[in-house]
Amino acid sequence: MITRVPYGGWANNLLLSNGQIELVATLDVGPRLIRFGFVDGPNVLKEFTDQMGGTNEQEWMNRGGHRLWHAPEAKPRTYSLDNVPVAVEVLSEYAIRLTPLAETENGIQKQLEVLLDPDEARVTVIHRLTNIGAWEVELAPWALTVMAAGGVSVIPLPPKQPHTDVLTPGFPLVLWPYTDMADARFRWGTRYITFAQDAAKGPTKIGLPQEDGWAAYRVHETLFVKYFDFDPSAEYPDLGCNYETFSNEEMLEVESLGPLTLLAPGEAVDHVETWRLFKDVPAFSDDASIDRIVRPLVES
């Protein structure tokens, strides 16, 4: 079911609901997905209240929610403004396509397709970048979900192998210049990394090639799981990352990336994520509890 509703100070938004979960996409700016949660439950996405309802600002606004960028990150290219209305196509009772005005400053048009499962707490988000410029551009689709404060994320690690079987490196762990390996927000486990959002801690970020193709975030006793692809033969940005995560005092981002692609004028590239929600999920603290609580949900 799709209905037009006011939300967060914007007059024009679409609410998609299957009776279990709901998602809100604003039409006044974007494309942005600003709410995702169980019906009558809290929003698992961050909302920057002082930026909600705004339009036509002179600088880029985070706002929260979910957005589409393209990597590698650079200013001003990555931070192109997305503060004007978007066109919407209703594809079915549970699916929409959002297309903003052409981004003339960098020649890359963004588009989101949202397909809500009619029966389950699941949604598919298709991220599309189209080169509408006059020359080819190398980029990677970059899907950033800004999660509500106070939660903890789970990042699976590849299985360990004996030293005598594998003598070459397995995968890189990518650090940004401001990342502190002693930061207590991280727990470096055997099978998982956990990364907690902390209102007393500033910016930090890591990335890695995530071969399992999922990451999770628990907040408000709700588990958000994001699924995405990994192509071992492809080249990814940021020293080979298809998964990155950033946090500061206000939020934590769960980010997936597609392979680097050389787009000729008129060409497009898609990057697909699937999201799921689980309610009343207990807290976890170590690998054993993640194996017991999180992994069965992820694999269900």
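The values are calculated or read from the model by the stated rules, or taken from the named source; none is laboratory data. Keep in mind it's a predicted model, so treat the numbers as computed, not measured. No Cβ is skipped: glycine too gets one built from the backbone with ideal geometry, and neighbour counts run over all protein chains shown.
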Exercise. Can you find a residue in region 64-74 that is modelled with pLDDT of 95 or more, assigned to a strand (DSSP E or B) and surrounded by fewer than 18 Cβ atoms within 10 Å (Cβ to Cβ)?
Worked result: no
Problem set entry | Among (1) closer than 20 Å to Ile293 by Cα; (2) surrounded by fewer than 16 Cβ atoms within 10 Å (Cβ to Cβ); (3) within 16 Å of the chain's Cα centre (by Cα), the one test that Thr124 misses | (1)
Seminar exercise, completed: Being part of a loop (DSSP other than H, G, I, E, B) and either under 24 Å from Tyr227 (Cα atoms) or touching a helix residue (DSSP H, G or I) at 6+ places or on another chain (Cβ under 6 Å) (or both) narrows Asp28, Asp40, Asp119 down to just Asp119
Exercise. Are any residues in region 61-74 of a type in the set (D, E, K, R) and within 15 Å of Trp142 (Cα to Cα), and if so, which ones?
Worked result: Arg67, Glu73
Problem set entry | From Ser300, Ser289, residue being part of a loop (DSSP other than H, G, I, E, B), without any contact (Cβ under 8 Å) to a residue 40 or more places away in the chain and among the hydroxyl-bearing types (Ser, Thr, Tyr) | Ser300
Exercise. Pro159 is checked against (1) surrounded by fewer than 15 Cβ atoms within 10 Å (Cβ to Cβ); (2) touching a helix residue (DSSP H, G or I) at 6+ places or on another chain (Cβ under 9 Å); (3) not polar (S, T, N, Q) and fails just one. What number does that condition carry?
Worked result: (2)
Problem set entry | Whichever residue in region 104-122 is of a type in the set (A, V, I, L, M, F, W, C) and touching a Lys or Arg at 6+ places or on another chain (Cβ under 9 Å) and, among such residues, is modelled with the lowest pLDDT | Ile108
